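Enquirer: Here's a structure for you.
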Amino acid sequence: QGHLRSNSIIMCQMIFTSDQAFFDKIGEKEPKDILMNVINLYAVKESRRKNIISAVVHLDEGVPHMH
């Protein structure tokens, strides 16, 4: 089990999404804004914000999602 160090990697990747019905309701322009708001909510704490290296929204693979 080991110990957490200050430079330990806790998570490498997350995916945020919803079902197609949700995205159908909000229209074509909104998915990117909604998903970017999700990452901003996740990063509310400054300590989390500095650990986010990338947030990429994918609109070309079925249901919109963000890595």
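Throughout, read-outs are computed from the coordinates displayed, never taken from laboratory work. No experiment lies behind these values; they were computed from the predicted model shown. Every residue, glycine as well, gets a Cβ built from its backbone with ideal geometry; the counts of neighbours run over all protein chains shown.
Enquirer: Per the Kirkwood treatment, what hydrodynamic radius in Å, one decimal, follows for the range 1-43 from the mean inverse distance over all distinct Cα pairs?
Expert: 13.0
Enquirer: Could you sort 12-19, 32-39, 57-64 so that the peptide with the highest average Cβ count within 10 Å comes first and the rest follow in order? If you can, show how the numbers build up before the last one.
Expert: On the way: 12-19: 11.2, 32-39: 15.1, 57-64: 13.2.
Most protected by this proxy first, the peptides run 32-39, 57-64, 12-19.
Enquirer: From the phi of every residue in the range 30-37, what ³J(HN,Hα) in whole Hz does the Karplus formula 6.51 cos²θ - 1.76 cosθ + 1.60 yield, where θ is phi - 60° and glycine or proline is x?
Expert: Here the 3J(HN,Hα) series is 7, x, 4, 5, 4, 5, 5, 5 Hz.
Enquirer: Around HIS58, which amide H atoms from residues at least 5 apart in sequence, or from another chain, sit under 5 Å from its own amide H, with H modelled in the peptide plane?
Expert: HIS65, MET66, HIS67
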